[in-house]
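First the structure, in the form of structure tokens, and then the observations on it.
The values are calculated or read from the model by the stated rules, or taken from the named source; none is laboratory data. Since this is a predicted model, take the numbers as computed values, not measurements. When we count neighbours, we look across all protein chains shown, and the Cβ atoms used for this are built from the backbone with ideal geometry, even at glycine. Side chains included, ligands, DNA and RNA excluded: accessible areas come from the protein's heavy atoms. Shrake-Rupley method; radii C 1.70, N 1.55, O 1.52, S 1.80 Å.
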Amino acid sequence: MTRRTRSEMIVETRAKLIAAGRQAFATLGYAEASMDDFTAAAGLTRGALYHHFGDKKGLFEAVVNQIDGEMNERLKARAAAAPSRWESFVEEGIGYIEMALEPEIGRILLRDGPAVLGDPASWPSANGCIMTMKASLDALLADGVIRDIDTEATARMVTGASCYAAQWIANAEDPVTISKRATEAYRQLIEGLLRP
């Protein structure tokens, strides 16, 4: 039998705690999930949780970062499949809004996330998202597809619009209907960027 290294055990322990936290946060919500839920599900002690994440909020932040990374990969794939640079830009934004229909994303990122971690615009991933959008807008501007705009300001405003649309869906009584309304409005909003 091969002995695992200390770094392999650390990675495994973190992964177990994140998986247990993700399950508990998705099903119970942040407020109701307890440290005992995470440690029991992972077969670990509270000490392991404290050591790796500091506290429940630290574990929650790690779960948010993991889900955010997965969403980013899915959005990149969706954008890459679009037939043009413009449609790629549109599809990435609509994809983000539609992900609000997924229960785990709605509960963890869009409802509990802002309550626990504050304004999503202040999350570590927010700047990367805005800079990616700015780069897309810069390319569209260089290609003459969109009007002459301040690409950073526009990226921040469009990101805010998609974020709040997703939160609207996640908190709606009828999220499917709201998603349809939000994606149509988003498309109309950003089509205003197109050069006439």
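Summary of computed values
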{"quantity": "Long-range HN-HN contacts of ILE146 with modeled amide H, under 5 Å", "calculated": "LEU141, ARG195"}
{"quantity": "FRET efficiency, 1/(1 + (r/R0)^6) with R0 41 Å, evaluated for TYR164 and ILE10 via beta carbons", "calculated": "0.60"}
{"quantity": "Between the stretch 52-73 and the stretch 123-182, the Cα center-to-center distance that results, in Å", "calculated": "22 Å"}
{"quantity": "Per residue solvent-accessible surface (Å²) - the chain, probe of 1.4 Å", "calculated": "54 Å²"}
{"quantity": "ASP119-ALA185 FRET efficiency (beta carbon distance; Förster radius 22 Å; 0.05 resolution)", "calculated": "0.50"}
{"quantity": "Accessible area, probe 1.4 Å, largest first, for residues GLU184, GLU98, GLU32", "calculated": "GLU32, GLU184, GLU98"}
{"quantity": "Largest-first ordering by accessible area, 1.4 Å probe, given options ARG111, ARG181", "calculated": "ARG181, ARG111"}
{"quantity": "Value of Rg to Rh for the stretch 1-84 (Rh from inverse mean 1/r over Cα pairs, i.e. Kirkwood)", "calculated": "1.11"}
{"quantity": "Three-way shape call for the stretch 116-178 based on the alpha-carbon gyration tensor, with the a/c threshold at 1.5", "calculated": "oblate"}
{"quantity": "Kirkwood Rh and Cα Rg combined as Rg/Rh, the stretch 81-196", "calculated": "0.98"}
{"quantity": "Length released on extending from SER84 to ARG195, taking residue separation times 0.36 nm less the Cα-Cα span", "calculated": "38.4 nm"}
{"quantity": "Projected label distance in nm at ALA31 and ASP55, using a 7 Å step from Cα toward the beta-carbon", "calculated": "1.8 nm"}
{"quantity": "Accessible surface of the chain, 1.4 Å probe, proportion on carbon and sulfur as whole %", "calculated": "54 percent"}
{"quantity": "Chain lengthening between ASP148 and ARG46 when straightened (0.36 nm per residue, less Cα-Cα)", "calculated": "31.2 nm"}
{"quantity": "Binned Cα-Cα distance frequencies in the chain - 5 Å width, integer %", "calculated": "1, 7, 15, 17, 16, 13, 10, 8, 6, 4, 2, 1, 0, 0"}
